[in-house]
Amino acid sequence: MKINNFNHALLGGTIVCLTLAVSPGSFAVDDTALSDISLQFTDAIDIAAVENVQIVDPATGTDATAIEDFCIAGMGFSTFQILFESDNGTGVFELVGGGNKVPYLVGYDNSTAGTFTPIVEGTPLIGQALNDIATSCIGVADNSRFEITILNASWENGTILSGGPYTDALTITVTSE
């Protein structure tokens, strides 16, 4: 009988081993994939609502000035540069008429209530904060302005007062940074 007990014990151990060998966990298979997710915006910048500036009959003894509000909007960046260029001058802003030249100054304000930063013709003003994030100025209020100043000494003299009109085309270019 000792042999039967040995066989019985051996058979019981074999069943346990077979049971462990076919457990469901040993048939599991897995795999992994990776997906990088990104959010991008195509840079867009818009300048709009820049109107013509006309200074008529300035008061004697004063500088002739005018302010023009306009809009700058964009997306895909946080700062921009703005460049003012005179069609008549290189390095200076000039009105021309009747063979005469009348210099003028330009100032820029990246708001509609701040102070004006003097502009050098042909030199961009960099690092301007974007005030409105939009692909265009449609539906966006004016958020920038420029000022034209013609010093009294430049216009109030017989030569200039007896000529004219004096004109220039001021080109304003905005570029994302």
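Numbers for the structure displayed
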read-out	value
Calculated log₁₀ intensity ratio I(q)/I(0) where the Debye formula runs over C-alpha points of the chain, q = 0.12 Å⁻¹	-0.70
Whole-Hz ³J(HN,Hα) from phi, Karplus 6.51 cos²θ - 1.76 cosθ + 1.60, for the stretch 77-82, glycine and proline x	7, 10, 10, 9, 10, 10
C-alpha long axis of helix 2-21 to longest principal axis of the chain, angle in °	20
Bins of 10 Å from zero: percent of alpha-carbon pairs in the stretch 38-133	12, 39, 31, 13, 4, 1, 0
Magnitude of the charge dipole, the chain, Cβ model with Lys/Arg +1 and Asp/Glu -1, debye to 20	1220
Highest-first arrangement of 86-92, 51-57, 28-34, where packing means the average Cβ count within 10 Å	86-92, 51-57, 28-34
Three semi-axes of the equivalent ellipsoid, the stretch 117-177, Cα gyration tensor, whole Å, largest first	33, 14, 11
Relative packing of peptides 128-139, 36-47 - highest average C-beta neighbours within 10 Å first	128-139, 36-47
Accessible area in the full protein assembly, largest first, 1.4 Å probe, for Tyr108, Tyr166	Tyr166, Tyr108
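The values are calculated or read from the model by the stated rules, or taken from the named source; none is laboratory data. What you are looking at is a predicted structure, and each value in this text was computed from that prediction instead of being measured. A quick note on method: Cβ atoms are made from the backbone with ideal geometry, for glycine too, and the neighbour counts reach across all protein chains shown. Areas reflect the complete protein model, heavy atoms only, side chains present, ligands, DNA and RNA absent. Shrake-Rupley method; radii C 1.70, N 1.55, O 1.52, S 1.80 Å.
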